[in-house]
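Some notes on the structure that comes next.
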């Protein structure tokens, strides 16, 4: 009887309402109010933990003391953010001090954890990233770039000496790592036209360390090469080996190289241990000692945090199964605790400390928001696959409409949200875009089209010279598959994306007029020629693999550039652009909008001052989501 009464009460609380018009617990103000959490790092003693918090357009270092208390380290007049490439590698802790990159001048600053003001220890030219302190606390290695010349540099931690270059002569460097004895330094390096997921090399250098600055004695490449991507080298605590991720063989696997014998052992795990290195300072594992590592392994877009032993056997770290997206795991020096930024499809990000042996429950250290929305009111992601236009299988993530108060009839309108990159992947992480739409009654589909990562190297290579084909067609065929299954209304399809995803929006409008009811394009690429000439150094040769090298592939660039076929764009389109975007400059959006305006195509154009490649300011985020909501009501729901 009690069960029947509860069922009747629950049914009475459920109301019928049109899909897309449900009152949602997730509003623009909630998205804008959330803080970004990144790069947890332990101090040398393993008792103090710090991380970066993104608060609107300002990065702040937050320190958790041994007693659990939290405090901001960054003075109010400063901000923390590195600008090498896409950024990342903002700071580190060592021997009671924080070393961070100041956003305004890109110098490395030292700040004592027990008090005092930050002071610069590197000169005021160029940009720095990924500071790493030697085990004795005397030296700091980092990635440096100046006038498009990159290097691995070393400076003393007091900032009394001029920095010295240890690694130079290659186009790019990332992820320096010290050996426990401080006499060796490992890093990843590569040259144009490669991107870091194409082909990189792992170099180990032996240093002469004395009273003066460390000097290079010898160095050699120990792994990687053409067609092999290396990611995140780390010396083991014992110092006899280097652990790294390599995709040799087709999947990113953990490998352990004995630096004395040259023997390499592959830890064969089911899934993907790597990720495309779009930013500096990224991590996917952390050595814990005694041959063990804490590692993130991904399968179908869902992460698991495991303890891996020397033979490759894995054990799920206790308490981590509540999360499906895990970033930047880092262990304490004694290997007992692992901190990471974790989330799930219906769980906003947190900084959590896990007990590696599994004897203590996880500790939630920091939450990105108040978490006042019940999980039952949120959407949970599903891994999906479908047969695409050529008979091959493509993959993606689907968020169904979700509410604990409302139901809809029929099939829901569908947001096809295309990831950037294009070499990237949507995973089962906390996704404000998905929740904003799903809790209003939309289905949300993230196509991990062929060319995306996370499904093996061969799957990623499908996009070579085929950008604008597989992404566009896989997205359409995936949407049609969802419509056939009743998970989407085929007459109310919307395509949305930013950067490379914005390009897919424009190219889809060129190729498939009338298929999508409306489009949302954020800083999308419209002209491949100007992208190749105007973008930043990191991506200056990216199109060599995506479309082909110039001038030989000029015809392909013209064919795949929406600006040369803009007359085919006739469906309602909202365009958004940051005015200081150096990755996809404003001219890319200006030119498309000029065509729309001249031909009288229904459109909106919004340029945000002070914003770059993505939104950081709270006022920008608030305006963007309110505008998108209104635009879709006008041109999709009520059209």
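The values are calculated or read from the model by the stated rules, or taken from the named source; none is laboratory data. It should be emphasised that the depicted structure is a prediction, and the values quoted were computed from it without experimental measurement. Counting neighbours? That spans all protein chains shown, and the Cβs are built from the backbone with ideal geometry, glycine included.
What to note about this one:
- Of all residues making up the range 545-581, the number that are over 14 Å from residue 507 (Cβ atoms), over 22 Å from the mean Cα position of the chain (by Cα) and crowded, with 20+ Cβ neighbours inside 10 Å: 3
- Tally of residues being farther than 30 Å from residue 196 by Cβ, assigned to a loop (DSSP other than H, G, I, E, B) and within 19 Å of the chain's Cα centre (by Cα) across the range 32-53: 0
Each row is one residue, and each column tells you yes or no for (1) touching a helix residue (DSSP H, G or I) at 6+ places or on another chain (Cβ under 8 Å); (2) buried (at least 23 other Cβ atoms within 10 Å of the Cβ).
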{"position": "250", "(1), (2)": "yes, no"}
{"position": "309", "(1), (2)": "no, no"}
{"position": "313", "(1), (2)": "no, no"}
{"position": "326", "(1), (2)": "yes, yes"}
{"position": "342", "(1), (2)": "yes, yes"}
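- Scanning the range 382-400 for residues that are part of a loop (DSSP other than H, G, I, E, B) and over 25 Å from the mean Cα position of the chain (by Cα) turns up 388, 389, 390, 391, 392.
Every residue, every condition in (1) modelled with pLDDT under 95; (2) in a strand (DSSP E or B), yes or no:
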position	(1), (2)
555	no, no
563	no, no
574	no, yes
583	yes, no
589	no, no
592	no, no
597	no, no
604	no, yes
621	yes, no
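- Residue within the range 263-276 that is over 29 Å from residue 419 (Cβ atoms) and outside any strand (DSSP E or B) present: yes
- Test: residue in the range 436-451 that is buried (at least 24 other Cβ atoms within 10 Å of the Cβ), in a helix (DSSP H, G or I) and in contact with a strand residue (DSSP E or B) (Cβ under 7 Å, 6 or more places away or on another chain): yes
- Among the residues of the range 54-77, the ones that are in a strand (DSSP E or B), touching a residue at least 24 places away in the same chain (Cβ under 8 Å) and either over 30 Å from residue 623 (Cα atoms) or within 17 Å of the chain's Cα centre (by Cα) (or both) come to 5 in all.
- Tally, over the range 210-260, of residues that are outside any strand (DSSP E or B) and closer than 15 Å to residue 177 by Cα: 7
- Residue 303 within 23 Å of residue 383 (Cα to Cα), outside the structural domain of residue 142 (by TED's automatic domain parsing) and not in a strand (DSSP E or B): no
- Of all residues in the range 183-224, exactly one satisfies the criterion of being touching a strand residue (DSSP E or B) at 6+ places or on another chain (Cβ under 6 Å), surrounded by fewer than 17 Cβ atoms within 10 Å (Cβ to Cβ) and touching a residue at least 24 places away in the same chain (Cβ under 8 Å), namely 215.
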